[in-house]
Every structure is written in structure tokens, then in C-alpha cells.
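*Asks:* First, the structure itself, so that you have it in front of you.
The values are calculated or read from the model by the stated rules, or taken from the named source; none is laboratory data. In this text, all values refer to a predicted model and were calculated from it rather than measured experimentally. Ideal geometry is used to build each Cβ from the backbone, glycine not excepted, and the neighbour counts take in all protein chains shown.
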Amino acid sequence: MVLRIRFHGRGGQGVKTASRIVGTAAFLVGYQVQDSPVYGAERRGAAVVAFTRFGEEAILERGVIEHPDLIVVGDETLLANPAAGVMVGQETATAIFLNAESAQPLVEQYALSPSTIAWDLTRRTQAIVGVASALSVGLAAATARLVGLIPEAQLLSAVRRELMELHLPEGAIAKNLDLASEVFNALPSLEFPLRDGQETPQKISSVLYEGLLRGSPSILNTGNAEQRQTGAWRLERPEVNFEQCTRCGLCFLQCPDGAITLDQNGYPIIDYDHCKGCMLCQTLCPVQAILSKQEVRSW
Amino acid sequence: MKVKREFYRSFKDLPSEEYLSPGSPLCAGCGGLTTLRQMHKVLGDNVVIVDAAGCMTLLAIYPFTPLRSSWLYTTMGSPSAGAQGLRDALDVLLAKHRMSADDNLQVLVLAGDGSTYGMGLSATSAAIHRGLDFWYLCYDNEAYGNTGFQLSEASPFGSATATSPQGTQQTKKNIFEIWRAHQPPYVATVSAHEPIDLAEKVRRAMTMTGPKLFLALAVCPTGWGFDPALSDEIARLAIETGVWPLKEAIAGQVRHTYIPRRLRPVREYLKLQRRFRHLFQPTLWGETLTYIQEQVNIYWQSVAKAEGAKQPTLA
Ligand SMILES: Cc1ncc(C[n+]2csc(CCOP(=O)(O)OP(=O)(O)O)c2C)c(N)n1
Ligand code: SF4
Ligand code: SF4
Ligand code: SF4
């Protein structure tokens, strides 16, 4: 048997680390394990996918998991983005885990399988670890518990190992271990009807040679990246307090993305369709006129 | 000490036009993007960028681009060769009157440090030697950012990368001096944290024909391992600790455009970044930290001597 888990999140949320922790924990239990992230043009905030497979025999499957047993979603806003492929293969999945306050509205809105479990990892991660976006350990703990094949002890040693490898300070590791225990004990274990056999890898498709004009397409438009709404990357939302703002223009100059413009009176206007929520404008504002709002709550 | 400003006295004087739209796929808080945005404002509209494979390549991926200027993508080794081809093509069109002088473009190479300090250096050296009329912006994030932060010849001593997890023993190549040894009309270091200094330098170089080379410290939250909210703060500390000197060389003559009155300890800069975390814990690598500090001190002592300026109080 092979158990297939697919993790979805945004770059910076620790989805890759979550898949590794689950892999290491399963390995410590004695399973054969494979884990891998998709590498490509992913960036902090952009959609990221990672995979963990484990089972009793050698795992000969390779590549992306198209038919997962469990789909783990670190960021519910990805459901609205078809390109993120969160729902791919949900028909065969036994369960979906969502980092969200409650499953019901999302199940209805996105026609998710009724066996969708939601738990507010962001809130607990913020409370225990102090960083709302450091979701790796919470996601791994939820996964370990839901699949039911990984005991808490192995989960905790895997968390410790992986975080030590990332050179996390001891204090931060201790907080993450607390979080892992809490999540592990708060969730139920599910029954996974395990599918025997391994999937045949997809055939490698041959690359067709295209002439220069088609093979290396030209972009004839200018500035059309504006159509990509990077505002969905945001975990925090900067808001300008106009009463305090001195119109110094620093935030306008330093926003990497040019998501701040100045109005006729020189006040900064934030373009929320595109602001990625890096929050450097908040840090640099000399008079603390930029406030941060937790974006998670407003979704 | 700051040099006297010629063109821009305050932020308000900086050009307000934008040549990059939002919506790019680069990381939140990317210092390289800020630098390009600021430099483009001064260069204006008529620019063609020749990009070397790296993070910035993600800017223009079919069918989207944030750029209002033109763009050509090359391999890591060949942006300067690409710049030569473009300059030649433009010059031919101009000479044959098939393009009006108003439509003439300035050619700008945009390359990371992996390309600039390493793979692309040979072609750049040749282009400078030929006196090619072009701009060059190296956004130096001190590693191969796009492929997962592997060591480059710009990675500073002691920094951890994907291929030097314990911290590298090699020192950062001095590309400023390598460029300067070619005797181009203009070489400068810049930082997005000092937008006026950056704009002044671009403006000063504008009247010059030939290679105009810019080296920008491009703070990289993803590779360096810090919260993107600290991007500008890290850039500021790089300057105030003296790790990133701001300088220019006009016709080979070096002058620093900012000499700090007193240097802040380099530790303040290093300790905020995951790539230096192993120097602080689990045990403190005191000797290494002292060595890094000494290198910075030696640099500024020599600056004071060479430029007859007041030496900063050392940390
Ligand atoms: C000759 C060559 N080797 C390898 C690659 C693969 N590659 C693409 S981007 C990149 C890293 C570039 O590093 P750097 O120049 O520092 O730019 P950054 O990614 O940091 O922006 C590599 C190795 C390539 N495109 N060309
Ligand atoms: S940095 Fe602060 S004070 Fe300055 S313009 Fe922005 S919000 Fe206003
Ligand atoms: S948080 Fe501020 S600096 Fe960052 S993208 Fe948004 S507006 Fe720009
Ligand atoms: S990896 Fe670093 S340089 Fe590359 S896009 Fe991200 S922040 Fe910018």
C-alpha cells in the first residue's frame, strides 16, 4: 500500500517543510518514504505544492500526486485559484484538511467533498509560535494525526530534526513542539481505505519543436502584469492612518511592487489588488502611520 | 558625510513616473525589484532591458510583463553579448534613418550576481573593453536566488547557502574593482535604501558614453532568511555597518558618496538573517564575527586614507 498526501500553500508558509516532517516521521515509524516539493518559479506568497508518499514497500511512483488520499491546504484562498490545482483528484481523496475557521461555507462554495475537516491553524500558530504564517509544523501535525499511522512521539522527533536542520533556535523549536502536540491531540484519526498497487508514471511527452515565433513567444503588451492580482498573496494588510501620515513619500519610494501611489495631495494610496503584504512600508514609516491588519480574518 | 547633491535634493524631486506595473511574480519584499523600479524612473521610457537568467527573468513570462519598456532574455553567460547585438542593431537602424533619434533606446543589462561575478563576466569584460555604450545593473543578492540560493562568487564570507550550509570560507569577489580595472567611464555601488544617492548616480552617468556599471545590494528576504517587513531595515543596516559602501568611480577616480560618522557593529546586520544564524547559535563563533568586523574596519581605514576623509569611528 502507498499513502499519498498532497500539500498546498503559499511560498513562505512552510508547505515544503510540512511534507518533509511528515516524511521523516513516517520514516521513523519504519515506512518507506518519498517527499518532494514542486520546484519552479515559486516565490514567497505564490502557490506551492509538495508531496509525501509512504508505505510498506519500496515506492516506485514518481512525480506529482494526481490521486491523493489526503489533500492538506494551508491557505484557503488557494481554493479560489484554479491554477493552484487544489481540487485535482479530490474524487479519490478520503479527506481534505483545510486551515480555516470552519469547513461548511467553503465546502458549499467550492463543492468540496463532505469529509473536509477545518481547523484554525493560523490562530493557534500565531498564539503559540508567534508567527501566523509559520504553518509547517501545524500542517505536519494535522496530517500525522489524520492519517492515523504516525504516533505522536515520531511526529515530535521529526519536527525537532527538521527544525534543527533549518537552524531554528531552541526556543522556537520548543514552541513548535507545543503546537505539534496541541494540533495532534485536537484532531481525529480517519480511516483510509488504502489502495493497493502503485500508479504507473505518466509517459514522458516528447517536446515538439516549434519555429522561433511560436517556440519563444513574444509579449507585445506592456505593463499587463497588472492583470495578475498578487493581492491574494497577502497575509497581513497595511492600512494608512491619514491623520498621522506626514506625506513624506518614503513608503511610495520603497514599495518593491509599486503598489503605492500618491494622490494629488501626496497621500499614499495602497493598491490592494496587488499589494503582496510584505509590510516593509509599515516597518519603515517614520511616524508609524501604517497599521497592520490580519488578512486571514477578512477572507 | 554625504556628497553634495547635484540633481535631486529631496524625495519630492525624484521622478514620479512608474515603468513597472505591479503584479509581478517576484517575492514580496524583493530588494532587487525595488532597485530596478527606482533606477528605471531615472532612466525614463526609452529602455531595452537585456536580462540574464535569474530571479528577474520571472518578470516577463508569457503572456504577462510588468514592464513598460522592452525586454530581451538571454542565458546567464551572455547578457552583455546580447547588449552588444542590440546596440549594433539600433545603431544600424539609426544610421539608415529607419528609426528616428527620438525612438532610440538605452540598452540596460539586468543580471544577478551569479551571472555578473561568474558566468557572464567574460562577455562583460569584452563589452567594457570594446567601450560598448550600455548600462549594467547587477542586483546582487549574494547567491543564485532563482534556483534555490546556491553559493555564488558574491556570497559573503561565513554566509550559509544551499551549497554551503555551514557557511562559506570563500570571500566575496570584488567586482567593483574588477570593473574599474577595465577603465569604464562610470562604476557605482547603490542601494534601494538610498534612492536619492541612486538617482544622482544614474543622472550623473547619463551624459557619459560607454559602459555605465551599477552594483546594487539587493536584499533578499527569501534567500537571506528574514521577514520581508525588514527589507528596508536590512538594507539600511548594510550601509550603517559599513558592509555595503556607497561609492562611484568616474573615469577610474573613486569617491565614496557616503561615509558613516560611526560604524554600527556588523553583528547588528548579520544577526537578523538566517544565512548567518550559525554564527550566533548554538554557539557563538566569536572569532569569525571578529574577523568579519575587522575586514569592514580595514576597508574604512583605507577609504579615509585614500580620500583624505574623516575616518568613521570603528565598531
Ligand atoms: C549557463 C546556465 N547555467 C545554469 C542556468 C540555470 N539558472 C537559471 S537562473 C540561475 C541562477 C542565477 O543566479 P544569479 O545570477 O545570482 O541571479 P538570481 O537568481 O540570484 O537572481 C541558474 C543557475 C542557466 N540559466 N544558464
Ligand atoms: S511613510 Fe508613513 S508618513 Fe511617509 S508617506 Fe508613507 S504613510 Fe505617510
Ligand atoms: S505591504 Fe506595503 S510595501 Fe509591501 S507590497 Fe504592500 S504596499 Fe507595498
Ligand atoms: S529570491 Fe530574493 S532576489 Fe529572488 S525574487 Fe525572491 S527576494 Fe527577490
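So that you can scan it fast, the table gives a plain yes or no per residue for (1) surrounded by 12 or more Cβ atoms within 10 Å (Cβ to Cβ); (2) modelled with pLDDT of 90 or more; (3) under 30 Å from A:G9 (Cα atoms):
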| position | (1), (2), (3) |
| --- | --- |
| A:R214 | no, no, no |
| A:G223 | yes, yes, yes |
| A:C248 | yes, yes, no |
| A:F252 | yes, yes, yes |
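*Asks:* Need the failing condition index for B:Y73 against (1) farther than 30 Å from B:T313 by Cβ; (2) more than 7 Å from chain A (Cβ to nearest Cβ); (3) at pLDDT 95 or above, just the number.
*Replies:* All conditions pass for B:Y73, except number (3).
*Asks:* How do the helices (runs of 4 or more DSSP H) wholly within region A:190-299 filter down when requiring 3 or more residues that are within 27 Å of the chain's Cα centre (by Cα) and within 14 Å of ligand 3 (Cβ to nearest atom): which remain?
*Replies:* A:280-284
*Asks:* With respect to the numbered conditions (1) surrounded by fewer than 22 Cβ atoms within 10 Å (Cβ to Cβ); (2) part of a helix (DSSP H, G or I), which one is the sole condition not fulfilled by B:T116?
*Replies:* (1)
*Asks:* Here is a list: B:M56, B:M76. Which entry is within 23 Å of B:N174 (Cα to Cα), touching a residue at least 40 places away in the same chain (Cβ under 8 Å) and surrounded by 20 or more Cβ atoms within 10 Å (Cβ to Cβ)?
*Replies:* B:M56
*Asks:* Here's another thing I want to ask about it. Answer with yes or no whether B:D133 is away from ligand 4 (no atom under 16 Å from the Cβ), among the charged types (D, E, K, R), surrounded by fewer than 22 Cβ atoms within 10 Å (Cβ to Cβ) and under 21 Å from the mean Cα position of the chain (by Cα).
*Replies:* Spelling it out, B:D133 is indeed away from ligand 4 (no atom under 16 Å from the Cβ), among the charged types (D, E, K, R), surrounded by fewer than 22 Cβ atoms within 10 Å (Cβ to Cβ) and under 21 Å from the mean Cα position of the chain (by Cα).
*Asks:* I'd like the residue in region B:1-33 that is under 14 Å from B:D197 (Cα atoms) and either assigned to a helix (DSSP H, G or I) or in contact with a strand residue (DSSP E or B) (Cβ under 6 Å, 6 or more places away or on another chain) (or both) and, out of all such residues, is farthest from the other protein chains (Cβ to nearest Cβ).
*Replies:* Restricting to residues being under 14 Å from B:D197 (Cα atoms) and either assigned to a helix (DSSP H, G or I) or in contact with a strand residue (DSSP E or B) (Cβ under 6 Å, 6 or more places away or on another chain) (or both), the top hit is B:V3.
*Asks:* Residue check, A:S292 against (1) at positive phi; (2) at the interface with chain B (Cβ under 9 Å from one of its Cβ atoms); (3) surrounded by fewer than 21 Cβ atoms within 10 Å (Cβ to Cβ), all met but one. Which one?
*Replies:* (1)
*Asks:* Name the residue, out of B:A81, B:A192, that is more than 22 Å from B:G31 (Cα to Cα) and under 20 Å from the mean Cα position of the chain (by Cα).
*Replies:* After applying the criteria, what remains is B:A81.
*Asks:* Residues of region B:136-158 being away from chain A (no Cβ under 14 Å), surrounded by 24 or more Cβ atoms within 10 Å (Cβ to Cβ) and not aliphatic (A, V, I, L, M), which ones?
*Replies:* B:Y136, B:C138, B:D140, B:E142, B:S152, B:S155
*Asks:* If you scan region B:208-254, which residues turn out to be within 15 Å of ligand 4 (Cβ to nearest atom), surrounded by fewer than 20 Cβ atoms within 10 Å (Cβ to Cβ) and of a type in the set (V, I, T)?
*Replies:* Of everything in region B:208-254, nothing turns out to be within 15 Å of ligand 4 (Cβ to nearest atom), surrounded by fewer than 20 Cβ atoms within 10 Å (Cβ to Cβ) and of a type in the set (V, I, T).
*Asks:* May I ask you to verify whether B:D45 is touching a Leu at 6+ places or on another chain (Cβ under 7 Å) and more than 10 Å from chain A (Cβ to nearest Cβ)?
*Replies:* Judged against the criteria, B:D45 is not a match.
*Asks:* Quick one: which of B:P15, B:P25 is within 21 Å of the chain's Cα centre (by Cα), surrounded by fewer than 24 Cβ atoms within 10 Å (Cβ to Cβ) and more than 16 Å from ligand 3 (Cβ to nearest atom)?
*Replies:* B:P15
*Asks:* All but one of (1) surrounded by fewer than 19 Cβ atoms within 10 Å (Cβ to Cβ); (2) modelled with pLDDT of 95 or more; (3) not hydroxyl-bearing (S, T, Y) hold for B:I61; state the number of the condition that does not hold.
*Replies:* (2)
*Asks:* Restricting to region A:219-246, and then to whatever is within 9 Å of another protein chain (Cβ to nearest Cβ) and of a type in the set (V, I, T), can you tell me which residue is farthest from ligand 4 (Cβ to nearest atom)?
*Replies:* Top of the filtered list is A:T222.
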